[in-house]
1. What's the extension gain from Lys56 to Thr81 if we count 0.36 nm per residue and subtract their Cα-Cα distance?
2. Within region 69-83, whose backbone N sits under 12 Å from a point 7 Å along Cα→Cβ of Thr31?
3. Output ³J(HN,Hα) for region 62-69: one whole-Hz value per residue in order, computed from phi by the Karplus curve 6.51 cos²θ - 1.76 cosθ + 1.60 with θ = phi - 60°, and x for Gly and Pro.
4. If you put +1 on each Lys and Arg Cβ and -1 on each Asp and Glu Cβ, how big is the dipole of region 31-86 around its Cα centre, in Debye rounded to 20?
5. Could you check the spin-label model distance between Asp65 and Asp24? Points 7 Å from the Cα along Cα→Cβ, value in nm.
6. Give me the 1.4 Å probe accessible area per residue for region 8-71, excluding ligands and nucleic acids, in Å².
7. Considering only the other residues whose Cβ falls under 12 Å of the Cβ of Asp75, what net charge follows from Lys and Arg at +1 and Asp and Glu at -1?
Amino acid sequence: MSTSATEKIKNQVITVTVNRKPVDLPGKHVTGLEIKQVAIAQGVAIQLDFQLSEKKGAKFHPVADDDRVTVKPGDEFRAVTGEDNS
């Protein structure tokens, strides 16, 4: 029975936003690349080579493709082309 409880926690869907669109992630521990892949699969108009950033406070901080991120519901991410300096 504890195995199914552990599986439930592992398979928990976490809803975050990427470029102001809701994205359902497959768990709370994901990489930057996984966030972009899931966002693209769910219709967010970004590409895998875009730079991903996570909002912390009032600022966005870069997230590399191989960075492991712990997400919680409501976290905000932005993905922009490499040429965008905003």
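1. Numbers: separation 25, 0.36 × 25 = 9.00 nm, distance 2.01 nm.
7.0 nm is the gain from fully extending Lys56 to Thr81.
2. The answer is 69, whose backbone nitrogens lie closer than 12 Å to the label point.
3. Ordered by residue, 3J(HN,Hα) equals x, 10, 6, 4, 9, 6, 8, 10 Hz.
4. 280
5. It is 2.7 nm.
6. The answer is 64 Å² per residue.
7. Net charge in that neighbourhood comes out at +3.
The values are calculated or read from the model by the stated rules, or taken from the named source; none is laboratory data. Fair warning: this is a prediction, and the values are worked out from it, not measured in the lab. Counting neighbours? That spans all protein chains shown, and the Cβs are built from the backbone with ideal geometry, glycine included. Just the protein is used for accessible areas: all its heavy atoms, side chains included, with ligands, DNA and RNA removed. Shrake-Rupley method; radii C 1.70, N 1.55, O 1.52, S 1.80 Å.
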